[in-house]
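**Student:** My questions all concern the structure below.
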Amino acid sequence: MRAFVAVDIDETVRRRLVAAQEQLAATGADIKLVEPPNIHVTMKFLGEVLEDKISGIEEALKKSVAGTSQFDIGVKGIGVFPSLHYVRVVWVGIDEGGSELMNIQRKIDGELQPLGFRSERDFVPHLTIARVRTAKNRDRLAAFVKEEAEAEFGVTRAQAVELKQSTLTQKGPVYSTLARIEFG
């Protein structure tokens with residue numbers, strides 16, 4: 001099964017992100033919007049995982065967040081990967097709480113390494129809201145991203161990390177939670 005580790009967001013912030021997605025779609029760019037229930041902070045993509053490894057992954061996640069208290073995540077700004085000249089992903093940034101997410105992610109990496117998972121390089125906490133398919137209307141897309149570079153989407157509470165399964169369907173991925181590890 002395909003799996004990843006994520007921190008979820010609340011519905012108020014999610015609704016604001018959906019409004020931004022609607023504006024993004026209005027640019028006429030050739031994009032695939034992330035389904036609203038699927039918007040989250042990916043802490044680590046695990047890829048294909050054998051079912052018998054799930055309990056070990058869950059234990060590693062418990063160790064990596066032990067002693068972590070809930071904290072606020074400020075969701076702010078729209079940006080792109082890799083650059084405005086060649087856009088593949090449109091994301092919303094994290095300002096407040098970013099260092100906490102990076103610290104948790106490093107711990108997750110450390111706990112999962114003995115299970116055969118590679119460490120992330122250059123982890124940047126963000127929420128993917130769209131993927132770009134072609135360069136159609138790239139200039140309009142870039143102008144929108146520049147306009148919204150400092151847009152505020154609110155604050156959400158980081159309450160847990162979740163081990164999620166991603167099932168690929170013709171309509172896009174469907175995520176289900178395999179384990180939820182609450183913060184302090």
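The values are calculated or read from the model by the stated rules, or taken from the named source; none is laboratory data. No experiment lies behind these values; they were computed from the predicted model shown. Here Cβ is always computed from backbone atoms with ideal geometry, including for glycine, and neighbour counts include all displayed protein chains.
**Student:** Determine, yes or no, whether PHE81 is part of a strand (DSSP E or B), among the aromatic types (Phe, Trp, Tyr), closer than 27 Å to LYS107 by Cα and free of Cβ contacts under 8 Å to residues at least 12 places away in the same chain.
**Tutor:** yes
**Student:** Working only within the range 115-133, note down all residues that are loosely packed, with under 13 Cβ neighbours inside 10 Å and without any contact (Cβ under 8 Å) to a residue 12 or more places away in the chain.
**Tutor:** Residues satisfying the conditions are GLY116, ARG118, ARG121, ASP122.
**Student:** Tell me yes or no: at least one residue of the range 126-135 is under 28 Å from GLU58 (Cα atoms), out of contact with any Cys (no Cβ under 7 Å at 6 or more places or on another chain) and of a type outside the set (Val, Ile, Thr).
**Tutor:** Looking for residues that are under 28 Å from GLU58 (Cα atoms), out of contact with any Cys (no Cβ under 7 Å at 6 or more places or on another chain) and of a type outside the set (Val, Ile, Thr), one finds at least one in the range 126-135, hence yes.
**Student:** On the phi < 0 side of the Ramachandran plot, part of a helix (DSSP H, G or I), surrounded by 19 or more Cβ atoms within 10 Å (Cβ to Cβ) and among the hydrophobic types (A, V, I, L, M, F, W, C): is that true of ILE57 in this structure?
**Tutor:** So ILE57 fits the description; yes.
Conditions (1) over 25 Å from VAL13 (Cβ atoms); (2) modelled with pLDDT under 95; (3) of a type in the set (Asp, Glu), marked per residue:
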{"site": "ILE57", "(1), (2), (3)": "yes, no, no"}
{"site": "ALA60", "(1), (2), (3)": "yes, no, no"}
{"site": "TRP91", "(1), (2), (3)": "no, no, no"}
{"site": "ASP122", "(1), (2), (3)": "no, yes, yes"}
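**Student:** Within the range 6-23, take every residue that is acidic (Asp, Glu) and within 30 Å of ASP109 (Cβ to Cβ) and give me the one that is farthest from the chain's Cα centre (by Cα).
**Tutor:** Among those that are acidic (Asp, Glu) and within 30 Å of ASP109 (Cβ to Cβ), it is GLU11.
Condition check ((1) touching a Pro at 6+ places or on another chain (Cβ under 9 Å); (2) farther than 22 Å from ALA29 by Cβ; (3) assigned to a helix (DSSP H, G or I)) across all residues:
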site	(1), (2), (3)
THR68	no, yes, no
ASP72	no, yes, no
VAL87	no, no, no
VAL92	no, no, no
LEU101	yes, yes, yes
GLY110	no, yes, yes
PRO114	no, yes, yes
